[in-house]
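Input: a single structure, listed below in structure tokens.
The values are calculated or read from the model by the stated rules, or taken from the named source; none is laboratory data. Quick caveat: nothing in here was measured; it's all calculated off a predicted structure. For neighbour counting, all protein chains shown are included, and Cβ atoms are generated from backbone atoms with ideal geometry for every residue, glycine included. Quick note on the areas: whole protein, heavy atoms, side chains included, nothing else; ligands and nucleic acids left out. Shrake-Rupley method; radii C 1.70, N 1.55, O 1.52, S 1.80 Å.
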Amino acid sequence: ISATTAPETCNSEAFANECVPKLTTGFNFLKSYKIDGISKDKVEFSYVFTKGTQYLINLCANATASPTDGIVISIFDKDRNKVASNKISGQYVSAIAFPCNATGIYYIQYTFDDPSSHCGGSAMGFKR
């Protein structure tokens, strides 16, 4: 008889739903993201941002360790240049605001610094 461990599960939908009402006042909800990074080193989504619009991306995760549970949000432009991150001088913030200066496709990437459960949710809002 061998003991097997059940694979870890990630309720990313619950975290994503938790994030929507936490968007800063004045930002209109656009989209939520489920961050299920169990067995992955990154989770990535793309979105077309519009010039002259400010975007806010927040993060909800298992907050027992830290508010972001070691999840790093990075935004990359169409050329894969990093234009924003929630990791600033080694500290994590649970939301980032990004003023878009050029319309185009952007990549929202979630990576995991240890310790992290690799599981969370995120919501994105905008204001003009």
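Quick look at the values:
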| read-out | value |
| --- | --- |
| Residue list for segment 28-49, restricted to those being assigned to a loop (DSSP other than H, G, I, E, B) and either among the hydroxyl-bearing types (Ser, Thr, Tyr) or buried (at least 19 other Cβ atoms within 10 Å of the Cβ) (or both) | Gly37, Ser39 |
| In segment 1-20, the residues that are of a type in the set (Ser, Thr, Tyr), open to solvent by 50 Å² or more (accessible area, probe 1.4 Å) and modelled with pLDDT of 55 or more | Thr9 |
| Close pairs from segment 91-118: first at positive phi, partner not aliphatic (A, V, I, L, M), Cβ under 6 Å, at least 6 apart | Gly104/Lys78; His118/Gly37; His118/Phe112 |
| Residues satisfying the stated conditions in segment 43-67, i.e. of a type outside the set (A, V, I, L, M, F, W, C) and at pLDDT below 95 | Asn62, Thr64, Ser66, Pro67 |
| Ser116 vs. criteria closer than 17 Å to Asn11 by Cα and among the polar types (S, T, N, Q) | yes |
